[in-house]
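Enquirer: Sharing a structure here in structure tokens format.
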Amino acid sequence: MVSSDTARNVVGIFGNIIALFLFLSPVPTFIQILKKKAVEQYSPAPYLATLINCMVWVLYGLPMVHPNSLLVITINGSGTFIEFLYIILFIIYSDKKKRVKLLLIVLVEFIFIAALTILVLTLAHTTKKRSMTVGFVCICFNIMMYASPLSVMIPNGLGSVFALAQLALYAVFYKATKRQMAAREEKSELGLSEVVVNGDSKRTGTGTAPLNGLASEINRA
């Protein structure tokens with residue numbers, strides 16, 4: 001009969017293999033980035049979220065935090081390395097503004113992990129407390145990692161909602177707007193006709209003056 005430790009190790013190995021394929025799944029995307037030498041519309045948010053998630057799990061798997069967690073360290077260490085490579089490519093092929101922003105975010109992530117490590121190792125004096133504390137943080141970042149694609153979906157969704165709202169307002173006020181435009185056009189046409197009439201009157205007045213002068217001279221003669 002298979003022992004529980006053996007079963008756990010077998011399941012853990014299969015889980016690590018699946019997780020490795022998950023980490024490698026964006027490779028086609030980065031091949032396109034390398035070919036075009038530009039990140040285009042791709043967002044770095046999922047890779048930043050996965051990077052910090054993997055680093056937290058590496059901390060969780062350390063012997064002084066949660067003993068006998070070699071499989072946790074190996075797969076998340078691999079994930080940290082892979083995600084860091086992805087982010088380096090983003091930094092290389094992004095514009096200056098995005099590059100600075102990415103560097104700052106990565107720096108903040110490393111500072112957070114360093115601070116968390118120091119606090120856990122100094123304030124929690126047993127592996128049970130350390131594993132519970134870091135495990136809770138791991139769960140939070142795990143949720144963030146899987147929710148990170150929403151950073152792209154939410155703005156697009158809001159944009160669609162606002163566009164539909166504008167179309168609805170246009171449909172509601174279309175007739176009123178059309179009447180206003182027709183009234184403005186009518187006023188502009190009336191103003192133009194008045195200008196033309198006044199101009200013709202002035203030309204007519206100046207044209208009759210010489211005729212009246214000529215008629216006076218004929219009468220005097």
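Enquirer: Across the range 10-25, what is the total count of residues that are over 26 Å from Leu116 (Cβ atoms), surrounded by 11 or more Cβ atoms within 10 Å (Cβ to Cβ) and within 23 Å of the chain's Cα centre (by Cα)?
Expert: Selection size over the range 10-25: 1.
Enquirer: I'd like to check something: does the range 95-118 contain any residue that is surrounded by 18 or more Cβ atoms within 10 Å (Cβ to Cβ) and not in a helix (DSSP H, G or I)?
Expert: Scanning the range 95-118 turns up no residue that is surrounded by 18 or more Cβ atoms within 10 Å (Cβ to Cβ) and not in a helix (DSSP H, G or I).
Enquirer: Mind listing whichever residues of the range 56-83 are part of a helix (DSSP H, G or I) and surrounded by fewer than 16 Cβ atoms within 10 Å (Cβ to Cβ)?
Expert: First pass over the range 56-83, keeping only residues part of a helix (DSSP H, G or I): 56-61, 70-83.
Passing the criteria: Leu70, Gly77, Phe81.
Enquirer: A further question follows. Of all residues in the range 125-139, how many are within 16 Å of Gly61 (Cβ to Cβ) and either of a type in the set (S, T, N, Q) or not in a helix (DSSP H, G or I) (or both)?
Expert: Residues that pass the stated criteria total 3.
Enquirer: Another one. Which is touching a helix residue (DSSP H, G or I) at 6+ places or on another chain (Cβ under 7 Å), farther than 19 Å from Tyr146 by Cβ and either exposed (fewer than 12 other Cβ atoms within 10 Å of the Cβ) or assigned by TED's automatic domain parsing to the domain that holds Leu121 (or both), of Ala49, Ala7, Ala38?
Expert: From the options Ala49, Ala7, Ala38, the qualifying one is Ala38.
Enquirer: Kindly check whether there is at least one residue in the range 33-53 that is assigned to a helix (DSSP H, G or I), in contact with a His (Cβ under 6 Å, 6 or more places away or on another chain) and not acidic (Asp, Glu).
Expert: Among the residues of the range 33-53, not one is assigned to a helix (DSSP H, G or I), in contact with a His (Cβ under 6 Å, 6 or more places away or on another chain) and not acidic (Asp, Glu), which makes the answer no.
The values are calculated or read from the model by the stated rules, or taken from the named source; none is laboratory data. These figures come from a predicted structure and were not determined experimentally. With ideal geometry, Cβ positions are generated from the backbone for all residues, glycine too; neighbour counts draw on all protein chains shown.
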